[in-house]
Amino acid sequence: MHHSEIRNSSTVFTTLETGSGDPVLFLHGFPDNHKTFSPIMESIAKKGYHCVAPVMRGYEPSTISHANKLHVVDLVNDVLGWMDDRRWDTVHLVGHNWGAIIAYAAGMYYPNRFQSITSLGVPLLKTFQDSFFWAPLQTFHSWYVALFQIPYIAELTIRSNQFALVDFLWKDWSPGFTPNQDHLAEIKSNFQNPGILSSALAYYRNLNDLFTESGRESIVGIFDTHITVPTQVLYGLNDGCFHKNLFEHLLDESDFPRGFRKIGFDHAGHFLHWEKREEVTKLILEWLEKNR
(Lines give C-alpha, C1' and ligand atoms only; values in the text may rest on other atoms or scores of the structure.)
Protein backbone atom coordinates (compact mmCIF):
# COMPACT_ATOMS: atom_id res chain seq x y z
CA MET A 1 0.00 0.00 0.00
CA HIS A 2 1.45 3.34 -0.98
CA HIS A 3 0.47 6.96 -1.55
CA SER A 4 0.65 8.43 -5.02
CA GLU A 5 -0.97 11.07 -7.20
CA ILE A 6 -3.62 11.01 -9.90
CA ARG A 7 -4.73 13.90 -12.08
CA ASN A 8 -7.78 15.35 -13.71
CA SER A 9 -6.30 17.86 -16.12
CA SER A 10 -4.19 20.23 -14.00
CA THR A 11 -5.70 19.22 -10.65
CA VAL A 12 -3.69 16.74 -8.59
CA PHE A 13 -5.36 14.33 -6.18
CA THR A 14 -3.69 12.20 -3.52
CA THR A 15 -4.40 8.49 -3.69
CA LEU A 16 -3.84 5.32 -1.74
CA GLU A 17 -3.15 2.35 -3.99
CA THR A 18 -1.97 -1.22 -4.05
CA GLY A 19 -1.76 -4.21 -6.37
CA SER A 20 -1.68 -4.65 -10.13
CA GLY A 21 -4.15 -5.88 -12.71
CA ASP A 22 -7.65 -4.70 -13.58
CA PRO A 23 -8.19 -1.24 -12.02
CA VAL A 24 -10.74 -0.72 -9.24
CA LEU A 25 -11.53 2.83 -8.07
CA PHE A 26 -12.76 3.23 -4.49
CA LEU A 27 -14.79 6.40 -3.84
CA HIS A 28 -15.31 7.56 -0.25
CA GLY A 29 -18.08 9.63 1.30
CA PHE A 30 -18.83 11.87 4.30
CA PRO A 31 -17.72 12.12 7.04
CA ASP A 32 -14.83 9.92 6.00
CA ASN A 33 -11.62 9.74 3.98
CA HIS A 34 -10.00 7.52 1.35
CA LYS A 35 -8.27 5.37 3.97
CA THR A 36 -11.63 3.90 4.93
CA PHE A 37 -11.09 1.26 2.22
CA SER A 38 -7.48 0.31 2.94
CA PRO A 39 -8.10 -3.11 4.59
CA ILE A 40 -10.51 -4.13 1.81
CA MET A 41 -8.12 -2.92 -0.87
CA GLU A 42 -5.27 -5.04 0.48
CA SER A 43 -7.37 -8.20 0.26
CA ILE A 44 -8.71 -7.42 -3.21
CA ALA A 45 -5.28 -6.51 -4.56
CA LYS A 46 -4.00 -9.97 -3.62
CA LYS A 47 -6.50 -11.44 -6.07
CA GLY A 48 -5.04 -9.59 -9.05
CA TYR A 49 -6.54 -6.12 -8.99
CA HIS A 50 -5.04 -2.63 -9.00
CA CYS A 51 -6.90 -0.85 -6.20
CA VAL A 52 -6.86 2.96 -6.12
CA ALA A 53 -8.64 5.18 -3.57
CA PRO A 54 -8.38 8.91 -4.41
CA VAL A 55 -9.09 11.69 -1.95
CA MET A 56 -12.36 13.03 -3.32
CA ARG A 57 -12.50 16.60 -4.63
CA GLY A 58 -12.64 19.19 -1.86
CA TYR A 59 -11.23 16.91 0.82
CA GLU A 60 -7.65 18.18 0.55
CA PRO A 61 -6.29 21.73 0.20
CA SER A 62 -5.06 21.26 -3.37
CA THR A 63 -8.55 20.36 -4.67
CA ILE A 64 -10.77 22.86 -2.88
CA SER A 65 -13.14 24.22 -5.49
CA HIS A 66 -15.77 26.88 -5.68
CA ALA A 67 -19.15 25.46 -4.69
CA ASN A 68 -20.33 25.50 -8.32
CA LYS A 69 -17.66 22.90 -9.14
CA LEU A 70 -18.96 20.37 -6.63
CA HIS A 71 -21.97 18.95 -8.42
CA VAL A 72 -22.29 15.23 -9.04
CA VAL A 73 -21.57 15.71 -12.75
CA ASP A 74 -18.30 17.49 -11.89
CA LEU A 75 -17.31 14.63 -9.59
CA VAL A 76 -18.09 12.12 -12.34
CA ASN A 77 -15.79 14.13 -14.60
CA ASP A 78 -13.06 13.70 -12.00
CA VAL A 79 -13.45 9.93 -12.30
CA LEU A 80 -13.13 10.14 -16.08
CA GLY A 81 -10.12 12.43 -15.76
CA TRP A 82 -8.40 9.98 -13.43
CA MET A 83 -9.03 7.19 -15.91
CA ASP A 84 -7.57 9.24 -18.75
CA ASP A 85 -4.55 10.12 -16.60
CA ARG A 86 -3.81 6.43 -16.02
CA ARG A 87 -4.89 5.44 -19.55
CA TRP A 88 -7.57 3.09 -18.27
CA ASP A 89 -10.24 2.34 -20.84
CA THR A 90 -12.54 0.82 -18.21
CA VAL A 91 -12.57 0.40 -14.44
CA HIS A 92 -14.64 -1.16 -11.68
CA LEU A 93 -16.19 1.27 -9.18
CA VAL A 94 -16.71 0.71 -5.45
CA GLY A 95 -18.41 3.59 -3.69
CA HIS A 96 -19.63 4.29 -0.17
CA ASN A 97 -22.00 7.11 0.82
CA TRP A 98 -21.35 9.99 -1.62
CA GLY A 99 -18.95 7.71 -3.47
CA ALA A 100 -21.88 5.40 -4.23
CA ILE A 101 -23.97 8.30 -5.57
CA ILE A 102 -21.11 9.30 -7.86
CA ALA A 103 -20.68 5.69 -9.01
CA TYR A 104 -24.37 5.42 -9.90
CA ALA A 105 -24.21 8.65 -11.90
CA ALA A 106 -21.02 7.58 -13.67
CA GLY A 107 -22.71 4.33 -14.66
CA MET A 108 -25.68 6.21 -16.06
CA TYR A 109 -23.71 8.80 -18.03
CA TYR A 110 -20.84 6.63 -19.29
CA PRO A 111 -21.81 2.95 -19.09
CA ASN A 112 -19.16 1.83 -21.58
CA ARG A 113 -16.35 3.02 -19.28
CA PHE A 114 -17.27 0.88 -16.28
CA GLN A 115 -17.15 -2.88 -15.87
CA SER A 116 -19.07 -3.04 -12.61
CA ILE A 117 -20.38 -0.97 -9.72
CA THR A 118 -20.54 -1.91 -6.05
CA SER A 119 -22.59 0.50 -3.94
CA LEU A 120 -22.15 0.42 -0.17
CA GLY A 121 -24.91 1.82 2.02
CA VAL A 122 -26.80 3.96 -0.52
CA PRO A 123 -29.87 3.15 -2.66
CA LEU A 124 -30.68 4.91 -5.90
CA LEU A 125 -31.84 8.33 -4.75
CA LYS A 126 -34.69 8.23 -7.27
CA THR A 127 -36.38 6.01 -4.69
CA PHE A 128 -36.86 9.06 -2.47
CA GLN A 129 -40.04 9.94 -4.35
CA ASP A 130 -41.68 6.89 -2.74
CA SER A 131 -39.82 6.95 0.55
CA PHE A 132 -42.63 8.63 2.49
CA PHE A 133 -44.80 5.56 1.89
CA TRP A 134 -42.26 2.77 2.28
CA ALA A 135 -39.90 4.43 4.78
CA PRO A 136 -41.62 7.36 6.54
CA LEU A 137 -38.87 7.37 9.16
CA GLN A 138 -36.39 8.40 6.45
CA THR A 139 -37.46 12.00 7.05
CA PHE A 140 -35.98 11.74 10.53
CA HIS A 141 -32.92 9.86 9.30
CA SER A 142 -32.19 12.74 6.89
CA TRP A 143 -32.28 15.56 9.46
CA TYR A 144 -28.58 16.31 8.93
CA VAL A 145 -29.19 17.24 5.26
CA ALA A 146 -31.30 20.22 6.36
CA LEU A 147 -28.63 21.28 8.86
CA PHE A 148 -25.89 21.09 6.24
CA GLN A 149 -27.73 23.58 4.02
CA ILE A 150 -27.11 26.42 6.49
CA PRO A 151 -23.77 28.16 5.83
CA TYR A 152 -21.63 28.95 8.88
CA ILE A 153 -24.15 27.39 11.27
CA ALA A 154 -23.46 23.90 9.92
CA GLU A 155 -19.69 24.41 10.04
CA LEU A 156 -19.90 25.81 13.56
CA THR A 157 -22.08 22.92 14.73
CA ILE A 158 -19.76 20.27 13.28
CA ARG A 159 -16.65 21.89 14.76
CA SER A 160 -18.16 22.33 18.23
CA ASN A 161 -17.10 20.08 21.10
CA GLN A 162 -14.10 18.81 19.14
CA PHE A 163 -16.17 17.63 16.18
CA ALA A 164 -18.56 15.66 18.36
CA LEU A 165 -21.08 15.53 15.49
CA VAL A 166 -18.68 13.36 13.47
CA ASP A 167 -18.65 10.85 16.34
CA PHE A 168 -22.43 11.06 16.60
CA LEU A 169 -23.03 10.44 12.88
CA TRP A 170 -20.85 7.33 12.87
CA LYS A 171 -22.64 6.04 15.98
CA ASP A 172 -26.11 6.99 14.71
CA TRP A 173 -25.57 5.56 11.23
CA SER A 174 -23.96 2.33 12.51
CA PRO A 175 -25.67 1.58 15.84
CA GLY A 176 -23.75 -0.71 18.12
CA PHE A 177 -20.50 -0.33 16.19
CA THR A 178 -17.40 1.16 17.84
CA PRO A 179 -15.42 3.04 15.17
CA ASN A 180 -11.65 3.08 14.96
CA GLN A 181 -10.72 6.18 16.95
CA ASP A 182 -7.52 6.82 15.02
CA HIS A 183 -9.53 6.88 11.80
CA LEU A 184 -12.05 9.34 13.25
CA ALA A 185 -9.20 11.50 14.54
CA GLU A 186 -7.79 11.75 11.00
CA ILE A 187 -11.18 12.76 9.63
CA LYS A 188 -11.57 15.49 12.25
CA SER A 189 -8.01 16.71 11.76
CA ASN A 190 -8.61 17.08 8.02
CA PHE A 191 -11.79 19.09 8.63
CA GLN A 192 -9.71 21.61 10.58
CA ASN A 193 -7.88 22.61 7.38
CA PRO A 194 -9.27 25.90 6.00
CA GLY A 195 -12.00 25.34 3.45
CA ILE A 196 -12.16 21.54 3.67
CA LEU A 197 -15.32 21.25 5.75
CA SER A 198 -17.23 23.74 3.61
CA SER A 199 -16.14 21.88 0.46
CA ALA A 200 -17.38 18.61 1.89
CA LEU A 201 -20.72 20.20 2.81
CA ALA A 202 -21.04 21.65 -0.69
CA TYR A 203 -21.84 18.13 -1.89
CA TYR A 204 -25.08 18.41 0.09
CA ARG A 205 -25.72 22.06 -0.63
CA ASN A 206 -25.66 21.48 -4.38
CA LEU A 207 -27.94 18.45 -4.25
CA ASN A 208 -30.99 20.36 -5.55
CA ASP A 209 -29.31 23.13 -7.51
CA LEU A 210 -31.61 24.17 -10.37
CA PHE A 211 -29.77 27.38 -11.18
CA THR A 212 -26.68 26.03 -12.97
CA GLU A 213 -26.35 23.71 -15.95
CA SER A 214 -24.16 21.24 -14.06
CA GLY A 215 -26.62 21.33 -11.16
CA ARG A 216 -29.58 20.49 -13.38
CA GLU A 217 -27.60 17.77 -15.15
CA SER A 218 -26.63 16.31 -11.76
CA ILE A 219 -30.24 16.16 -10.62
CA VAL A 220 -31.09 14.11 -13.71
CA GLY A 221 -28.18 11.80 -12.91
CA ILE A 222 -29.37 11.29 -9.34
CA PHE A 223 -33.15 11.17 -9.57
CA ASP A 224 -33.78 9.68 -13.01
CA THR A 225 -31.16 6.97 -13.03
CA HIS A 226 -31.15 3.94 -15.35
CA ILE A 227 -27.82 2.10 -15.12
CA THR A 228 -26.57 -0.23 -17.82
CA VAL A 229 -23.56 -1.37 -15.79
CA PRO A 230 -23.67 -4.56 -13.67
CA THR A 231 -24.43 -3.26 -10.17
CA GLN A 232 -24.54 -4.76 -6.72
CA VAL A 233 -25.87 -2.92 -3.69
CA LEU A 234 -24.72 -3.93 -0.20
CA TYR A 235 -26.45 -2.42 2.82
CA GLY A 236 -26.93 -2.81 6.56
CA LEU A 237 -30.36 -3.64 7.93
CA ASN A 238 -29.67 -1.32 10.88
CA ASP A 239 -28.52 1.63 8.77
CA GLY A 240 -29.35 4.91 10.53
CA CYS A 241 -28.59 6.97 7.41
CA PHE A 242 -30.84 5.17 4.89
CA HIS A 243 -33.81 3.14 6.09
CA LYS A 244 -33.67 -0.53 5.06
CA ASN A 245 -37.00 -0.25 3.21
CA LEU A 246 -35.35 2.03 0.65
CA PHE A 247 -33.23 -0.96 -0.32
CA GLU A 248 -35.70 -3.78 0.21
CA HIS A 249 -38.82 -2.30 -1.40
CA LEU A 250 -37.69 0.47 -3.72
CA LEU A 251 -34.62 -0.89 -5.50
CA ASP A 252 -36.00 -2.10 -8.82
CA GLU A 253 -34.10 -4.67 -10.87
CA SER A 254 -35.46 -3.06 -14.04
CA ASP A 255 -33.21 -0.05 -13.37
CA PHE A 256 -30.17 -2.33 -13.82
CA PRO A 257 -30.73 -4.27 -17.07
CA ARG A 258 -27.11 -5.47 -17.34
CA GLY A 259 -27.14 -7.27 -13.99
CA PHE A 260 -28.14 -6.54 -10.41
CA ARG A 261 -28.02 -8.00 -6.94
CA LYS A 262 -28.66 -6.59 -3.49
CA ILE A 263 -27.60 -8.06 -0.17
CA GLY A 264 -28.56 -6.81 3.28
CA PHE A 265 -26.52 -7.52 6.39
CA ASP A 266 -28.01 -8.26 9.78
CA HIS A 267 -26.41 -6.41 12.71
CA ALA A 268 -24.76 -3.84 10.43
CA GLY A 269 -25.36 -0.19 9.64
CA HIS A 270 -24.10 2.40 7.20
CA PHE A 271 -20.38 1.71 7.58
CA LEU A 272 -20.77 -1.97 6.77
CA HIS A 273 -17.34 -2.17 5.12
CA TRP A 274 -15.97 -1.70 8.66
CA GLU A 275 -18.59 -3.77 10.45
CA LYS A 276 -18.69 -6.73 8.04
CA ARG A 277 -15.29 -6.39 6.42
CA GLU A 278 -14.66 -10.02 5.47
CA GLU A 279 -18.15 -10.57 4.07
CA VAL A 280 -18.13 -7.30 2.12
CA THR A 281 -14.68 -8.04 0.70
CA LYS A 282 -15.81 -11.49 -0.42
CA LEU A 283 -18.88 -10.08 -2.18
CA ILE A 284 -16.90 -7.33 -3.90
CA LEU A 285 -14.45 -9.93 -5.20
CA GLU A 286 -17.27 -12.14 -6.45
CA TRP A 287 -18.77 -9.21 -8.36
CA LEU A 288 -15.41 -8.18 -9.81
CA GLU A 289 -14.69 -11.72 -10.99
CA LYS A 290 -18.15 -12.11 -12.49
CA ASN A 291 -17.79 -8.88 -14.48
CA ARG A 292 -14.15 -8.91 -15.57
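The values are calculated or read from the model by the stated rules, or taken from the named source; none is laboratory data. All values reported here derive from a predicted model rather than from experimental measurement. Every residue, glycine as well, gets a Cβ built from its backbone with ideal geometry; the counts of neighbours run over all protein chains shown. SASA here: full protein model, heavy atoms, side chains in, ligands and nucleic acids out. Shrake-Rupley method; radii C 1.70, N 1.55, O 1.52, S 1.80 Å.
Summary table below
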item	result
Virtual spin-label span in nm between Lys282 and Asn180, 7 Å along Cα→Cβ	2.1 nm
Where N is the number of residues in the range 1-140, Cα Rg divided by 2.2 N^0.38 Å	1.06
Share of Cα-Cα pairs in the chain lying beyond 37 Å, as whole percent	5 percent
Alpha-carbon centroids, the range 235-292 and the range 97-128: separation in whole Å	12 Å
Unsatisfied cross-links (Cα-Cα over 27 Å) in the set Lys188/Lys290; Lys35/Lys276; Lys46/Lys244	Lys188/Lys290; Lys46/Lys244
Mean separation of Cα contacts under 8 Å, 6 or more apart, over the residue count of the chain: relative contact order %	21 percent
Interchain or long-range residues, amide H under 5 Å from Lys262's placed H	Val233
For q = 0.20, 0.21 Å⁻¹, Debye-computed log10 I/I(0) when each Cα of the range 139-292 counts as one equal scatterer	-1.37, -1.37
Helical mean residue ellipticity (222 nm; -39500 (n - 2.57) per DSSP H run of 4+; nearest 500) of the chain	-12500 deg cm²/dmol
Theoretical gain in end-to-end length, Trp143 to Glu248 [0.36 nm per residue, Cα-Cα removed]	35.6 nm
Stokes-Einstein D in µm²/s, Kirkwood radius over Cα pairs - the range 237-292 at 37 °C with 0.692 mPa s viscosity	262 µm²/s
Rounded accessible area of His273 (nearest 10 Å², 1.4 Å probe)	0 Å²
More than 13 Å apart - percent of Cα-Cα pairs taken over the range 33-80	64 percent
Sequence of Val145, Val79 from largest to smallest accessible area, 1.4 Å probe	Val145, Val79
